[in-house]
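Participant: Dropping the structure in here first, questions after.
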Amino acid sequence: MNCILMRKAIDTMTMLQHVLQHRRAGRWNAAHDLVQKEDSLLAAWLHGILHLQEGDLEDAENWYDRANRHFRSRGTLQEELALFEATLAQHPTP
């Protein structure tokens, strides 16, 4: 991976961690504002999870589709968050 792509991947992972921090702190709007600035598959999945948390299932399904994930066979909100965090942990930032 070249340096530019590596930096982009690191920036994405850092941003996704910040989104999770905002969500955990109850700052849904801040989490949503931040995640919609990123166009990766992981960001689309997290964006869908945020809409799931909000109860906006139509938007959640749209973002799950963009993330190439199956919305109708998803887990509960807590299961999705745990799976997302485990997936993110497999891509640690330095």
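The values are calculated or read from the model by the stated rules, or taken from the named source; none is laboratory data. For clarity, every value in this text was computed on a predicted model and none was experimentally measured. We place every Cβ from the backbone using ideal geometry, glycine too, and count neighbours over all the protein chains shown. Remember, those area values only see protein heavy atoms, side chains included, never the ligands or the DNA or RNA. Shrake-Rupley method; radii C 1.70, N 1.55, O 1.52, S 1.80 Å.
Participant: Here is a check on your reading of the model: is residue 36 among the polar types (S, T, N, Q) and touching a His at 6+ places or on another chain (Cβ under 8 Å)? Break it down stepwise before answering.
Facilitator: Working: among the polar types (S, T, N, Q): yes; touching a His at 6+ places or on another chain (Cβ under 8 Å): yes.
Yes; evaluated as a whole, the condition is true for this residue.
Participant: Assess whether residue 68 counts as being open to solvent by 30 Å² or more (accessible area, probe 1.4 Å) and over 13 Å from the mean Cα position of the chain (by Cα).
Facilitator: Values: open to solvent by 30 Å² or more (accessible area, probe 1.4 Å): yes; over 13 Å from the mean Cα position of the chain (by Cα): no.
No; evaluated as a whole, the condition is false for this residue.
Participant: Please find, within segment 76-94, the residue that is modelled with the highest pLDDT out of those that are farther than 12 Å from residue 42 by Cα and among the hydroxyl-bearing types (Ser, Thr, Tyr).
Facilitator: Of everything passing the filter in segment 76-94, 76 is modelled with the highest pLDDT.
Participant: When the residues of segment 71-85 are narrowed to those that are of a type in the set (D, E, K, R) and open to solvent by 50 Å² or more (accessible area, probe 1.4 Å), which ends up farthest from residue 15 (Cα to Cα)? Write out each step before concluding.
Facilitator: Quick first cut of segment 71-85, residues of a type in the set (D, E, K, R) only: 72, 74, 79-80, 85.
Among the residues that remain, those that are also open to solvent by 50 Å² or more (accessible area, probe 1.4 Å) are: 72, 74, 79, 85.
Numbers: 72: 27, 74: 24, 79: 21, 85: 13 Å.
Of everything passing the filter in segment 71-85, 72 is farthest from residue 15 (Cα to Cα).
Participant: Residue 48: among the small types (Gly, Ala, Ser) and either open to solvent by 50 Å² or more (accessible area, probe 1.4 Å) or not in a helix (DSSP H, G or I) (or both), yes or no?
Facilitator: Values: among the small types (Gly, Ala, Ser): yes; either open to solvent by 50 Å² or more (accessible area, probe 1.4 Å) or not in a helix (DSSP H, G or I) (or both): no.
Spelling it out, it is not the case that residue 48 is among the small types (Gly, Ala, Ser) and either open to solvent by 50 Å² or more (accessible area, probe 1.4 Å) or not in a helix (DSSP H, G or I) (or both).
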